[in-house]
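J.: Structure below; questions to follow.
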Amino acid sequence: MLVLADGRTIGTLGGGCVEAEVRKRALDLLAKRTSQLLEFNLDHDYGWDDGLICGGVMDIHVQFIDRDLIGKFDQLRRAISDQVPVLFRQPYEQKGLAKEYVEEIGPSPTLLIAGGGHVGQALGELAAKLDFNVTVIDDREEFASKDRFPSARQRITGDIELELKRFPINAGTYIVIVTRGHRHDGQALQAVIDSPARYIGLIGSKAKIKLIYDDLASKGVSVEKLMRVHAPIGYNIGAITVPEIAVSIVAELIAIRREKTQGPIAQMRMNETELRKWMERKQSD
């Protein structure tokens, strides 16, 4: 979050009372032209208005940006504009010890959607809001139009298999195959199966997917390569409608992007033993 001298902020720390307090202290530090590490204990005794009881400790470093740092950030900006991943390093001090925060910052991932039908359209709209650079390919001009994909970075009309082979797929590319039929899906998958894509997903029933796999296997595609494919595509959330299917696909894309097999909410969910212990403690209190 960037805090400006006039009190405005750009970005967020998640909102709430912590963000408000950080903004207040950041303005004081800005006036003093200095930096400081702020530490917050998120327990039941903490909170200025509604309180925070999520537990743990939150450390937030407030860095005064001088002319030297402006040059550093400008170098980061240029690297990202050039689609080059770069390491952001920020030294700070905690309890007298020198430390360093390091984060890899890279360009937004590319989501390549093969098929501009209902699912592709809903997926493109949702993924664009989640910082994916969306490209859609369809052999029908009206299905790869700006009206259907206003947020897409690219809209390509042409033979799907041929255009997929032409596309510069790299390790930051996520591919979703949602064409209008079994034959087109199989051709699309064959076009990208040897690519270095981070993710390849194929929509369809298990029966349809098996037919496509059998066909590709007969053409020499190895089992190892087929096992890379996420099929049926998306997380099993009981999706039925087109928007729900798009949500299930995006959930899987996010999990792959963040390298999570289970989301943090699932990891944090109490099991039965933990829940019973918690209830017993509450009753004894």
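J.: Compute the distance in nm between two label points, each set 7 Å from the Cα along the Cα-to-Cβ direction, one at LYS210 and one at ARG67.
T.: Taking the simple label geometry, LYS210 and ARG67 are separated by 7.1 nm.
J.: Computed over the Cα atoms of the stretch 68-145, what is the convex hull's projected area averaged over all directions, in nm²?
T.: Values: hull surface 30.3 nm².
That works out to 7.6 nm².
J.: Sticking with this structure for a sec: Could you pull out every residue, at least 5 positions away or on a different chain, whose amide H is within less than 5 Å of the one on HIS230? Hs are placed 1.01 Å off N in the peptide plane, and Pro or chain starts have none.
T.: Amide H neighbours of HIS230: ILE200, GLY201, LEU202.
J.: Additional query: Measure nothing fancy, just the Cα-based angle from helix 206-218's long axis to the longest principal axis of the chain, in degrees from 0 to 90, nearest 10.
T.: With both axes taken from Cα atoms, the answer is about 70 degrees.
J.: When the C-alpha atoms of the chain are aligned to their principal axes, what extent does each axis show, in angstrom, from largest down?
T.: Between the extreme Cα coordinates on each principal axis of the chain lie 66, 58, 36 Å.
J.: Please enumerate, by chain and number, the aspartates and glutamates with C-alpha under 12 Å from the C-alpha of LYS165, excluding those fewer than 8 residues away in the same chain.
T.: Answer for LYS165, where 12 Å is the Cα cut-off: ASP194, listed by chain and number.
J.: So, by mean Cβ neighbours within 10 angstrom, what's the order for 170-177, 249-256, 95-102, 206-213 with the highest one leading?
T.: 170-177, 249-256, 206-213, 95-102
J.: Please calculate the 1.4 Å probe accessible area of VAL223, with all protein chains present, and give it to the nearest 10 Å².
T.: 90
J.: Let me ask another. Leaving ligands, DNA and RNA out of it, report the carbon-plus-sulfur percent of the accessible area of the stretch 99-258 at a 1.4 Å probe. Provide the component values of the computation, followed by the final result.
T.: Details: 4210 of 8060 Å².
C and S atoms contribute 52 percent here.
J.: At a Förster distance of 22 Å, what's the computed FRET efficiency of LEU87 paired with MET58, Cβ-Cβ distance as r, to 0.05?
T.: 0.40
J.: Could you work out how much longer the chain between ILE240 and ASN41 gets when fully extended? Use 0.36 nm per residue separation minus the Cα distance between them, nm to one decimal.
T.: 67.4 nm is the gain from fully extending ILE240 to ASN41.
J.: In the chain, with Lys and Arg counted as +1 and Asp and Glu as -1 at Cβ, which of these residues, PHE73, SER151, ILE212, has the Cα nearest the positive end of the dipole, that is, farthest along it?
T.: Value computed over the given set: ILE212.
J.: In nm, to one decimal, how far is the modelled label at THR12 from the one at LYS165, with both set 7 Å along Cα→Cβ?
T.: Inter-label distance under the simple model: 4.6 nm.
J.: Quick one: helix 242-257 against the long Cα principal axis of the chain, what's the angle to the nearest 10°, folded into 0 to 90?
T.: 60
J.: Still on this structure, please answer the following. Just subtract the alpha-carbon distance of ARG23 and SER222 from 0.36 nm times their residue separation and send over the number in nm, one decimal.
T.: 66.1 nm
J.: Based on the Kirkwood radius over alpha-carbon pairs, what is the Stokes-Einstein translational diffusion coefficient of the stretch 101-194 at 25 °C with 0.890 mPa s viscosity, in µm²/s?
T.: 184
J.: Go ahead and run the numbers for FRET between GLN154 and LEU130, Cβ-Cβ distance against an R0 of 22 Å, rounding to 0.05.
T.: Efficiency for this residue pair is about 0.80.
J.: Here's another thing I want to ask about it. With each pseudo-label sitting 7 Å past Cα toward Cβ, what's the GLN94-SER284 distance in nm, one decimal?
T.: Distance between label points: 3.2 nm.
J.: How much of the DSSP beta bridge set in the chain is antiparallel, as a percent to the nearest 5?
T.: So the antiparallel bridges in the chain amount to around 45 percent.
J.: Using only the Cα atoms of the stretch 101-142, what are the Rg and Dmax in Å?
T.: 13.2, 48
The values are calculated or read from the model by the stated rules, or taken from the named source; none is laboratory data. Not measured: the values here are computed from a predicted model. Heads up, the Cβs are rebuilt from the backbone with ideal geometry, glycines too, and the neighbour counts pull from every protein chain shown. Quick note on the areas: whole protein, heavy atoms, side chains included, nothing else; ligands and nucleic acids left out. Shrake-Rupley method; radii C 1.70, N 1.55, O 1.52, S 1.80 Å.
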